[in-house]
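The values are calculated or read from the model by the stated rules, or taken from the named source; none is laboratory data. Keep in mind it's a predicted model, so treat the numbers as computed, not measured. Note that each Cβ is placed from the backbone with ideal geometry, even for glycine, and that neighbours are counted across all protein chains shown. Surface areas here come from the heavy atoms of the whole protein model, side chains and all, with no ligands, DNA or RNA. Shrake-Rupley method; radii C 1.70, N 1.55, O 1.52, S 1.80 Å.
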Amino acid sequence: MVASSTLRRIPVALERNPYEVVIGAGGLAGIGAELKQAGIREGRRILVVSNADVAGPYGATCLDSLRRNGFEAELLVIEAGEQHKTPATVASIHNAAFDQRLERSSLMLALGGGVVGDMTGFAAATWLRGVGVVQVPTTLLAMVDAAIGGKTGVNHPGGKNLIGAFHQPRLVLIDPDTLSTLPRREFRAGMAEVIKYGILGDAELFQTLEACRAPDSAQGLGNSVLETILERSAAAKARVVAEDEREGGLRAILNYGHTFGHVVETLCGYGTWLHGEAVAIGMVAVGQLAMIRGSWSADDMERQQQLIAQCGLPSAWPKLDPEAVLKTLQGDKKVLDGKLRFILPTAIGSVEIRDDITREEILRCLEQLAG
Ligand code: NAD
Ligand code: GLY
């Protein structure tokens, strides 16, 4: 097990049910002890949910640590991929919860990327009207974003994550060593969410990334920059979530790039673009919208585009029917009183929440993106 002094602990200071994000290389082998430290008593049943890509290299380490620490842990392997982020897969988790006789005091543990994390969180939120969930993210994207903050859910054919619940985890454990097996394209997709944090509030993080010659892989970043990225992103997310747990206001800024990104994911078909890739395309699209409104400079737009390219991410808007885009935007969760909500950049390190974007501005933006 990793010495606790090498672990970084970031509090998510919620009024009810606060928890920690624990970050440290090799930390997965200490998951059992960490759960006890988080106040979860031994003897509890834990349903570990993972997929084959992750359970293969990391399932045994996780189960061993839980069992050595007195937990009754069993593993459920579900299908990988965004196209399986459906109510049917959640039903299969519920079936396993039934077979394993999970009780109110039992837990589910998500070992995997954002897809496993969101579905396990939703299954936990709904089983017996709510059992505890622990998030052990194994993709960069889930480490810096999805595992923290309690948003859980599945997709509906009409839109991303339309079915879901807020259900905060009891603990988030991030072991950067698990990134060693993550495919390069997936790592890059995670970098989109890191760039997002730079734009929405951390100009220094953005500059750190700009200064990296190869920010498109863990090796290219090096351990120290990778640690900085994980810690600053987790701290930023924890801060925003603690201030606005249910997205009454401020939390909406975390959706920077996501409004157009979700349209790309939905209209191109789930699984065509990775979530992070769609967010990269969405950040460029919303940058264009902000330029049209005169609130974002061509220089900052260029810096954003440059960093997205440096991270090996796409930025070109796909060929999409503008009317279909508008219709999908209307179905987005971020529609409030019939008005579309966009997070517009104003500088590197700051964004604004706008509810006054007109249909004409969106159509003009789409026309410019189509070139
Ligand atoms: P993912 O969960 O699909 O994982 C990507 C791929 O990598 C999968 O094939 C997976 O099996 C594989 N994988 C995961 N970890 C691995 C490892 N260590 N080694 C080898 N292979 C590994 O994708 P993702 O990018 O992690 O998550 C995307 C999902 O997260 C989307 O559904 C998105 O909506 C959701 N999301 C949720 C939130 C939130 O706040 N809840 C925030 C952002 C994104
Ligand atoms: N990923 C956006 C949020 O957690 O609010």
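Of the residues making up the range 250-267, those that are within 14 Å of ligand 1 (Cβ to nearest atom) and not small (Gly, Ala, Ser) are Arg251, Ile253, Leu254, Asn255, Tyr256, His258, Thr259, His262, Val263, Val264, Glu265, Thr266. For the range 261-280, a residue qualifies if it is open to solvent by less than 10 Å² (accessible area, probe 1.4 Å) and within 16 Å of the chain's Cα centre (by Cα), and the qualifying residues are Gly261, Glu265, Gly276, Ala278, Val279, Ala280. Selection of the range 63-83 for residues being touching a strand residue (DSSP E or B) at 6+ places or on another chain (Cβ under 7 Å) and either without any contact (Cβ under 8 Å) to a residue 24 or more places away in the chain or open to solvent by 20 Å² or more (accessible area, probe 1.4 Å) (or both) yields Leu63, Arg67, Glu72, Glu74, Leu75, Leu76, Val77, Glu79, Ala80, Glu82, Gln83. Note on the range 45-62: residues that are crowded, with 21+ Cβ neighbours inside 10 Å and away from ligand 1 (no atom under 16 Å from the Cβ) total 2. Out of Gly257, Gly249, one residue alone is crowded, with 24+ Cβ neighbours inside 10 Å, touching a residue at least 60 places away in the same chain (Cβ under 8 Å) and either over 21 Å from Arg184 (Cα atoms) or within 10 Å of ligand 2 (Cβ to nearest atom) (or both). It is Gly257. In summary, Arg239 fulfils each of the numbered conditions (1) within 23 Å of Arg188 (Cβ to Cβ); (2) of a type outside the set (A, V, I, L, M, F, W, C); (3) within 16 Å of ligand 2 (Cβ to nearest atom) with the single exception of condition (1). Here is the figure for the range 27-52: residues that are in contact with a Ser or Thr (Cβ under 8 Å, 6 or more places away or on another chain), within 22 Å of Leu179 (Cβ to Cβ) and not hydrophobic (A, V, I, L, M, F, W, C) total 2. Evaluate the range 281-297: report whether one residue or more is crowded, with 21+ Cβ neighbours inside 10 Å, within 13 Å of ligand 2 (Cβ to nearest atom) and either assigned to a helix (DSSP H, G or I) or in contact (Cβ under 8 Å) with a residue 40 or more places away in the chain (or both). Scanning the range 281-297 turns up at least one residue that is crowded, with 21+ Cβ neighbours inside 10 Å, within 13 Å of ligand 2 (Cβ to nearest atom) and either assigned to a helix (DSSP H, G or I) or in contact (Cβ under 8 Å) with a residue 40 or more places away in the chain (or both).
Filtering Gly132, Gly112 for residues that are surrounded by 24 or more Cβ atoms within 10 Å (Cβ to Cβ) and more than 16 Å from ligand 2 (Cβ to nearest atom) leaves a single hit, Gly112.
For the range 100-212, the strands (runs of 3 or more DSSP E) that sit wholly inside it and include 3 or more residues that are free of Cβ contacts under 8 Å to residues at least 40 places away in the same chain, under 15 Å from the mean Cα position of the chain (by Cα) and within 8 Å of ligand 1 (Cβ to nearest atom) are 151-156. Of all the listed residues (Glu231, Glu243, Glu247), the sole one being more than 17 Å from the chain's Cα centre (by Cα) and either modelled with pLDDT of 95 or more or within 16 Å of ligand 1 (Cβ to nearest atom) (or both) is Glu243. Name every residue in the range 31-75 that is in a loop (DSSP other than H, G, I, E, B) and of a type outside the set (D, E, K, R), in order of residue number. Matches in the range 31-75: Ala38, Gly39, Ile40, Gly43, Asn69, Gly70, Phe71. Residue-level check: of (1) in contact with a Phe, Trp or Tyr (Cβ under 7 Å, 6 or more places away or on another chain); (2) in a strand (DSSP E or B); (3) closer than 24 Å to Leu140 by Cα; (4) among the hydrophobic types (A, V, I, L, M, F, W, C), Leu28 misses just (2).
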